[in-house]
Structure formats: C-alpha cells, structure tokens
1. So, counting K/R as plus one and D/E as minus one, what does the shell of residues with Cβ under 14 Å around Arg272 add up to?
2. In the full protein assembly as shown, how much of Tyr165 is accessible to a 1.4 Å probe, in Å² to the nearest 10?
3. Among the aspartates and glutamates, which have Cα under 16 Å from the Cα of Lys270 when same-chain residues fewer than 8 positions away are ignored?
4. Projecting each Cα onto the charge dipole of the range 55-188 (Lys/Arg +1, Asp/Glu -1 at the beta carbon, about the Cα centre), which of Tyr169, Pro92, Leu158 comes out farthest on the positive side?
5. Using modelled backbone amide H atoms (1.01 Å from N, in-plane), which distant-in-sequence or interchain residues come within less than 5 Å of Gln104's amide H?
6. Using modelled amide H (1.01 Å from N, peptide plane; none on Pro or chain starts), what sits under 5 Å from the amide H of Ala345, excluding residues fewer than 5 places away?
7. Would you work out the charge dipole size for the range 318-406 about its Cα centre, treating the Cβ of every Lys and Arg as +1 and the Cβ of every Asp and Glu as -1, and quote it to the nearest 20 debye?
8. Report the net charge of residues surrounding Ser47, where surrounding means a beta-carbon distance below 14 angstrom and charges are Lys +1, Arg +1, Asp -1, Glu -1.
Amino acid sequence: MNKLQVWLLAVLGCALVSAAVWLLRSVPPPAWSDAEITTLRSLWIDSLPDLPDDPSNAVGADPRAAEFGWRLFFDTRLSANGAIACATCHQPSRAFTDGRARGQALGESPRNTRNIIGAAYSPWQYWDGRKDSLWSQALSPLEDAAEHGGNRMQYVRLMVRDGAYRASYETLFGALPDLSDNNRFAEAAAPAGSAEAIAAWQSMSAADRRTINRVFSNIGKALAAYQRLLVPGAARFDSYVAAVIEADTAAQVDTFTTDEVWGLRLFIGKARCTECHNGPLFTNNEFHNTGILSLPGELPDRGRAEGLRQVLNDRFNCRGEFSDDPAADCPELLFARSGKELLGAMRTPTLRNLEGTDPFMHKGQLPTIAAVLEHYNHAPLAMIGHNEAEPLRLSRRELAQIEAFLATLSGPVAVSPDLLQAP
C-alpha cells in the first residue's frame, strides 16, 4: 500500500467518524435521568430564591426608594456634562449592557459593561468584586472621570434643589442639609477629581464631609433599590425544564430543537459549564482565571487579587460608617476568599439574556459566543496567574449545539415595562 492509499484511507476514516458523530447528534437524544433532571431543576428560573436581604441598605426593599432610584438611573443630570446617565451604558434594550468592548461615557472605561439583571443576588459587584453591595457600586461611576465625572457635592445639591427629588429623599432618609453657607459647602467638592474640588473638600470640617457622604451614600441606596427590581423572567429554557419535570414529551419537542437538547446535555455534562455557570442565574458569582488574553499593548489585569484589596479598604463597604447594618455583620467580607489563585480571576457572569450583549469577557476581548466557546475549547495558558480551565476538545458540531442552547436563555426582565425606560 503506497503513501497515497494510506492517506486516502485516513481521510476516509476521519470522514466516516465525523459522519457517525453527526448522525448520532442528529437523532433524538435519550430521556433525561433522575440525576440530570435534578441538575435541570437547579438551573430552572422557578428555583431562583427570593432576593437576599441587604442589611447595609435599610431602604433596599422599599418601593418608594425603587421609584426614586428609577428616576435617578435615567437622569443625565447625574454627570459632569449633563449628558450621561446610568442608562447610557446600562441600556435596558441590551440587557443593561452597551454593545461596546469597554464602556463609553465621558471617556472609556477600562472594562466591559456587565449585565446587571440579577446583580442583587451577588455579594460582589464589578468584574473584580471591588464593591460588596449594589449601593456602594452605584457611587463609583458618579465620580469616575471616564464615566459620569461629577462630584458628590454636585449630586447632593441636585437633591436639595430639585423639588421632586428633595421630597423623595426626605421621605426616605430625613431632612437634607442646609447648603446655603458657601464658606462651608462649595459648589463642587469631593475627595477626588479636579484640584479645585479636592481643595474644597479638604477645607471642609470632618462633620460636614460626613454629612455630604451620608447623602451621597443614600443616593446609591435609592439606585440600588431600583436595580434590585431587575431580575430575569422565564426564558424558553425554563419552559423546556417545566416540560421535562412534567414528563410532557410533546411540549419538550415543541420547545427545543434536537440541537438545543444536545447542547444542554453538553452544557451540564461533557463541557463542564456548570462548574462555574450554575444555579438559576447560571453563575456562581465566584472568581476564576480562565486564561483570557490581555488586549494588545495592555498589561494583564490583576482581577480579584486587586479587587479584594479595594473592597476591604472601601469606606462605603458593609462595615463602614455609612452602612445601615447596626451589627456590621458582613460575613462575605470577613470570610472573603484570598490566595494566589485569585490573580487574574474575574467574576463569573450570568449566561441569561446573552442576546445583544456582545462583545464578551472583562474587556470585550471576544466578539461572539462562538469565539468564547472556541477559547474554552483550547484553554490557552494564562498571561498572569493560572488558567483553571482545561481544554474541552469538543467538535465543531458540539460547539454549535452549545451555542444553540445558550440562545434559549434569553427572556424578559420580570418588571413592569415602564421601569425599563426613562420616566
């Protein structure tokens, strides 16, 4: 047998194997086992528990605070130029993302804009978890030069001067301070930002700074009350799980294609996706280094290793003086996981409502779901720290089937449509 014949036999063998795999994946999948149904039930939207309490935010579950926060979320006056709102980057039509690799407001944010649907279930916020509550997270963009770019005195003055805001604020938090003495309260003052704002802040008494910080933190608590309403509703996947639980074979066939079923089987099995993307929100809200490469010319991101340092030293964290938790009982901070494995680790994002949220990963490095799956299929070495993922070695058909399944996780936000647009 000559070399050409050997080569032709090898090609024919590969083609036959590929054809066999294709045919196997095209036949109806087997029935779900009891163990698999238990896993599916754990991912089902009906298994989503009630929102966890946030003891650090006394108004977190107050509908009046949520209504106040809704108006704040869409208000462009909460910015240096009067043109940037929270909704500028967290666009409801894009599952509260913005379609950019990195957020764009007054400047460019260093990281990708995360989907905030279901964020109230996480003990950590941001990709690196540098904030431990929704209200504390809401404060950072307001003064970030690349985002809203304002200063906390500006925002407190808005509460004082806007009649509707003043009424809402005082109903929830009590009387606003008298800012009429310009010698005590400059028009602009903050511990960071312009030289003038910093100088004005430093000239204030400790008591006056504390007063401004208290109002500033309360603005964040109202914004958090609104964001707590943003939870996912049922997607097509959830209808399929309901049909599986009810053993309704006809409904299963009507709800999922064969490829989508095989994709789900791969997701909970061979592809090991549920090691991180588990629970009804398809995230463990933990931190993992998965070997995502830095963008050209950029140093590797330290991720959770740096985020942990920041959250422990944040004056607006659960143990700080502006927390409403009288016991400062903050187990997440007290028992926060540390160690070298957190170098380069990022918080696992939810997989619900992926549609329209590309590009993906913490700096938008990967343009499509297909590219994300290809990344995990090869699991390259990490540029910093250690890549926890191992190569999946899935076929092209299998990758396509997982992608098909992921498309079934998009559904509505379980909130009145009125709250998904500007007042």
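The values are calculated or read from the model by the stated rules, or taken from the named source; none is laboratory data. Keep in mind that this is a model prediction, so the values were computed, not measured. So basically every Cβ, Gly included, is an ideal-geometry build from the backbone, and we count neighbours across all protein chains shown. Side chains are part of the model used for accessible areas, which takes the heavy atoms of the whole protein and leaves out ligands, DNA and RNA. Shrake-Rupley method; radii C 1.70, N 1.55, O 1.52, S 1.80 Å.
1. Every neighbour counted, the sum reads -1.
2. Answer for Tyr165: close to 10 Å² accessible.
3. Reachable aspartates and glutamates: Glu36, Asp259, Glu260, Glu374, Glu390, Glu398, Glu403.
4. My answer, from the dipole projection, is Pro92.
5. Ser109
6. Arg304, Ala305
7. It comes to approximately 420 debye.
8. -1
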